[in-house]
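To start, the structure itself, in structure tokens.
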Amino acid sequence: MRAAYLLRRLLYSAVAFGISVTIMFVILRLMPGDYITLYLEGIYVIAPPEVVQAYNQAYGLDRPLIDQYFSYFLGILQGDWGYSLSYSRPVLDVISEKLVWTLVILLPATILSIIAGIAIGAYSGWKRGSKVDVALLNGMIFLRAIPSYWLALMILLVFAFYLDLFPLGGYVSLSALDTGIDPLDVLNHAALPIFTLFLFSVTGTYYLMRNSMLMTAGEDYIVTARAKGLDDMTILRRHALKNAMLPMVTRVALQCAGMLTGSIFVETIFSWPGIGMLTFEALQVRDLPLLQGILLMDTLIVIVANIGADMIYPFIDPRVEVGNDARA
């Protein structure tokens with residue numbers, strides 16, 4: 001990784017971040033209605049004009065739009081992401097608290113889906129055309145076609161309602177009020193959301209790994225390895241799998257970022273207090289500062305994930321010279 005390239009990459013990312021913030025700021029303010037009035041109507045039914053005016057003054061919404069934009073942008077750079085209407089707390093504090101609970105289900109689901117997707121996809125691509133490959137491919141197509149919210153509802157209905165193997169929702173039992181939070185109790189509540197997110201994301205990893213393996217299996221070095229008398233599993237482990245992994249880096253990076261926003265339905269259905277459910281609540285009550293903060297967090301995660309993928313490339317394949325103007 002050349003220093004000049006890394007610096008240039010960070011500069012491009014900063015520009016992309018600035019553009020994203022600008023677009024987000026404009027689009028959210030193009031939403032119909034006055035979000036302060038709509039928020040207060042949920043409290044007062046009919047929002048008193050003097051209260052609306054007081055809120056507008058407190059949040060600086062009575063100033064020109066361009067002033068609001070620069071104030072918001074400078075605040076972001078200083079760590080001030082705004083003040084949540086519904087939580088009466090700084091937006092960054094609310095998001096940080098909820099992000100922890102999202103990571104509780106997101107990290108295990110992501111790791112499991114990556115491992116399973118790579119392993120199953122590599123084997124399926126290596127055994128292309130076989131009965132196992134056809135069965136796996138059709139199964140993944142079927143799983144991918146199921147909407148995430150319906151999949152979550154069915155898993156909740158079967159495993160929590162009918163079989164009564166897991167809790168119906170939440171992250172702790174009522175006994176936590178007396179005994180405190182028990183990690184095993186949290187894990188019991190997190191099992192179904194983790195399983196749902198795993199099924200939701202494993203198909204994408206499988207598809208890409210299978211296609212990458214199909215292209216790798218026809219390379220000359222694979223033919224040479226076969227000519228040397230190596231068995232299929234040795235060729236798969238030592239030669240094909242490593243070279244087929246390069247396209248997976250970008251997929252894995254974007255999957256980690258994409259699952260954060262893809263957990264909205266899952267967290268809402270399972271009543272899991274993470275970023276997904278927080279997004280749903282912010283949309284319901286028109287908490288615009290909080291919604292802006294969530295979208296800002298999503299933008300940062302995507303940008304960091306892309307930079308991380310670029311930095312990992314040379315370690316997986318030394319032939320990739322990141323930042324070198326001379327292309328191989």
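The values are calculated or read from the model by the stated rules, or taken from the named source; none is laboratory data. The structure presented is a predicted model; accordingly, all values stated were derived computationally and were not measured. Methodologically, a virtual Cβ is constructed for each residue, glycine included, from the backbone with ideal geometry; neighbour enumeration extends over all protein chains shown. Note: areas computed on protein heavy atoms with side chains; ligands, DNA, RNA excluded. Shrake-Rupley method; radii C 1.70, N 1.55, O 1.52, S 1.80 Å.
Here are a few things to note about the model shown:
- Residue in segment 46-53 that is under 30 Å from the mean Cα position of the chain (by Cα) and not charged (D, E, K, R) present: no
- One residue stands out in segment 274-286 among those that are open to solvent by 20 Å² or more (accessible area, probe 1.4 Å) and at negative phi: the one that is modelled with the lowest pLDDT, namely Val285.
- Any pair with Cβ under 6 angstrom, 6 or more apart, that starts in segment 111-124 at a residue that is farther than 13 Å from Thr203 by Cβ and among the hydrophobic types (A, V, I, L, M, F, W, C) and ends at one that is modelled with pLDDT under 90 and open to solvent by 20 Å² or more (accessible area, probe 1.4 Å): Ala122/Leu241
- Hits in segment 82-122 - residues which are closer than 18 Å to Gly274 by Cβ and open to solvent by less than 20 Å² (accessible area, probe 1.4 Å): Ser84, Val91, Val94, Ile95, Thr102, Ile105, Leu106, Ala109, Thr110, Ser113
- Any hit, segment 174-190, residues being within 18 Å of the chain's Cα centre (by Cα) and at negative phi: yes
- If you go through segment 1-31 and keep only what is surrounded by 11 or more Cβ atoms within 10 Å (Cβ to Cβ) and not in a helix (DSSP H, G or I), you end up with Met1, Arg2, Met31.
- Note on segment 77-101: residues that are of a type in the set (Ser, Thr, Tyr) and in contact (Cβ under 8 Å) with a residue 60 or more places away in the chain amount to 4.
- In summary, helices (runs of 4 or more DSSP H) completely within segment 126-211 and bearing 1 or more residues that are open to solvent by less than 80 Å² (accessible area, probe 1.4 Å) and over 17 Å from Thr268 (Cα atoms) occur at 131-145, 176-179.
- Check on Leu74, open to solvent by 90 Å² or more (accessible area, probe 1.4 Å) and either out of contact with any strand residue (DSSP E or B) (no Cβ under 9 Å at 6 or more places or on another chain) or touching a residue at least 12 places away in the same chain (Cβ under 8 Å) (or both): yes
- Only one entry of Ile222, Ile294, Ile235 meets the criterion of being in contact with a His (Cβ under 8 Å, 6 or more places away or on another chain) and either open to solvent by less than 10 Å² (accessible area, probe 1.4 Å) or not in a helix (DSSP H, G or I) (or both), and that entry is Ile222.
- Cross-chain or 6+ apart pairs with Cβ under 6 Å, segment 1-28 first and touching a residue at least 24 places away in the same chain (Cβ under 8 Å) and under 12 Å from Thr299 (Cα atoms), then among the hydrophobic types (A, V, I, L, M, F, W, C) and open to solvent by 40 Å² or more (accessible area, probe 1.4 Å): Met24/Leu295
- Qualifying residue in segment 103-112 (condition: at pLDDT below 90, over 25 Å from the mean Cα position of the chain (by Cα) and assigned to a helix (DSSP H, G or I)): no
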